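In what follows, a single structure is set out as structure tokens and then discussed.
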Amino acid sequence: MSTSFNQELQDRLVRYAAIDSQSDENSPTAPSTEIQFDMLNLLRDELNAIGAQDVELTDYGVVLATIPGTVKGPTIGFLAHVDTAPQFNAEGVKPRVIKGYNGGDITFPDDPELTLSPSEHPYLATKQGHDLITASGTTLLGADDKAGVSIIMTMARHLLENPDIKRGPIRIGFTPDEEIGRGVGTELPKDLAVDFAYTLDGSEVGEIIYESFSADRAVVTVKGVSIHPGWAKEKMVNAAHLAAKIVQTLPQATLTPETTEGRDGFLHVTDLNGGSSEMEIKLILRDFERDGLEAKGELLRKVCDAVQASEPRAEIHCEITPQYRNMRYWLEDDMTPVDLAIEACQAHGIETVADPIRGGTDGSRLTEMGVPTPNIFCGMQCIHGPLEWISVQDMATAADVCLTLATLAAEKQAK
Ligand SMILES: [Zn+2]
């Protein structure tokens, strides 16, 4: 089946990746950037053109559509995000196809210094003979998550042309602003109207993710006492020094992103802004377990309290806000969506891996809001940077798995 999808997937990803749709976490609007509508409008039009039903672009910037079922079965959602990461240049992406990869080092036309080497990227070493897509060296590619978009569009087109394929109703959702954690608005679960869903936003073939971080964000404000430095003796309280003290007192040889992996969580100082009169420290707190996350919040509060105690004239506030929670807490009550994905992989002879993701997905929020949404691989590698690449054949495998999954779900319900 896969070979028939290769060309379409390649064409779609090349076309979508060239459209700049980067999100911006500093923008207060929803979607965060106007350019995301270039993708959203295009996808709405293409879904209409292939004959999808109920196609709409909601006022909160999500494209929704229905692929009608051919038999009774659960309604399944397939989701991908249209925005690309704000962490790296995404303007003027020039996707390039390397047909039948020869297994050697890959160089980039727009940056001669840059090399993508199979010796440093073991997964690449396994892709000899595949057709690869990369950017040109100065931008990211945006396979994250236009690979997901391409797979879902290809699958939708294929199902609409083949009404003999058994499946229940399928709902499609293309969301904005996933990369800045604002992809899932409060109305999405109701408007999506599915029994369960999948995000196509993962990497290696076989990866089925149903565990994400639990995440809080924290903002610490430090108010000092401001006064002309010439008359400051015994009066000034410098907020910059106190903020530095807080950062310095937090763990550094442990519990940071750069010193942890696997199932360990961390506290991460992301921003330090302000001046001598007032400072703001932004942090993110991550852990796979609720207690672990709570302990990290407690640690931060203790550090703030200690620095406050050292300088009572300052005002130090620490505010911790929940972001998302490990989707396992909900999925473990009913593993059906996960089991289906694993079974679909097995039907294609693919070994599955379920390593917990050290991050969140749109599925983390959706699952918490009542729509169980594990994440399925689509092949993307080295995301958010100039080395980003993907194998067309990996994308085709993901499409095959999703089609099998839809049929399996319907067959199970029929029993
Ligand atoms: Zn993504």
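The values are calculated or read from the model by the stated rules, or taken from the named source; none is laboratory data. Here the structure is a predicted model, which means the values were calculated and not measured. Note that we place each Cβ from the backbone using ideal geometry, even for glycine, and neighbour counts take in every protein chain shown. SASA here: full protein model, heavy atoms, side chains in, ligands and nucleic acids out. Shrake-Rupley method; radii C 1.70, N 1.55, O 1.52, S 1.80 Å.
Taking the condition in a loop (DSSP other than H, G, I, E, B) and touching an Asp or Glu at 6+ places or on another chain (Cβ under 8 Å), does Asp144 pass? In short, no. For segment 75-98, filtered to residues that are buried (at least 21 other Cβ atoms within 10 Å of the Cβ) and over 29 Å from Ala135 (Cα atoms), the residue that is nearest to the ligand (Cβ to nearest atom) is Gly77.
Candidates in segment 63-74 are the residues that are farther than 16 Å from His158 by Cα and in a loop (DSSP other than H, G, I, E, B); of these, the one that is most open to solvent (accessible area, probe 1.4 Å) is Lys72. All but one of (1) buried (at least 16 other Cβ atoms within 10 Å of the Cβ); (2) part of a helix (DSSP H, G or I); (3) not hydrophobic (A, V, I, L, M, F, W, C) hold for Asp305; which doesn't? Asp305 satisfies all of (1) buried (at least 16 other Cβ atoms within 10 Å of the Cβ); (2) part of a helix (DSSP H, G or I); (3) not hydrophobic (A, V, I, L, M, F, W, C) except (1). When Glu204 is tested against the conditions (1) farther than 26 Å from Ile357 by Cα; (2) open to solvent by 20 Å² or more (accessible area, probe 1.4 Å), the lone failure is (1).
A quick yes/no check of all residues on (1) free of Cβ contacts under 8 Å to residues at least 12 places away in the same chain; (2) more than 22 Å from the chain's Cα centre (by Cα):
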residue: Gln252; (1), (2): yes, yes
residue: Leu267; (1), (2): no, no
residue: Asp287; (1), (2): no, no
residue: Val307; (1), (2): no, yes
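Filtering segment 347-368 down to residues that are in contact with a Ser or Thr (Cβ under 8 Å, 6 or more places away or on another chain), open to solvent by 20 Å² or more (accessible area, probe 1.4 Å) and in contact (Cβ under 8 Å) with a residue 60 or more places away in the chain, which residue is farthest from the ligand (Cβ to nearest atom)? Only one residue fits best here, namely Ala347. Picking from residues in segment 207-255 that are over 30 Å from Thr373 (Cβ atoms) and in a strand (DSSP E or B), the one that is most open to solvent (accessible area, probe 1.4 Å) is Lys223. Kindly indicate whether any position in segment 99-109 is within 16 Å of the ligand (Cβ to nearest atom) and touching a Pro at 6+ places or on another chain (Cβ under 9 Å). There is no residue in segment 99-109 that is within 16 Å of the ligand (Cβ to nearest atom) and touching a Pro at 6+ places or on another chain (Cβ under 9 Å). Residues Glu388, Glu343, Glu319: which one is within 22 Å of Pro257 (Cβ to Cβ), of a type outside the set (A, V, I, L, M, F, W, C), modelled with pLDDT of 95 or more and out of contact with any strand residue (DSSP E or B) (no Cβ under 6 Å at 6 or more places or on another chain)? Step by step, each of Glu388, Glu343, Glu319 is checked, and only Glu388 is within 22 Å of Pro257 (Cβ to Cβ), of a type outside the set (A, V, I, L, M, F, W, C), modelled with pLDDT of 95 or more and out of contact with any strand residue (DSSP E or B) (no Cβ under 6 Å at 6 or more places or on another chain). Could you grab me the full set of residues in segment 160-198 that are open to solvent by less than 10 Å² (accessible area, probe 1.4 Å), closer than 17 Å to Val371 by Cα and either of a type in the set (Phe, Trp, Tyr) or within 13 Å of the ligand (Cβ to nearest atom) (or both)? Scanning segment 160-198 gives Phe174, Thr175, Gly183, Tyr198.
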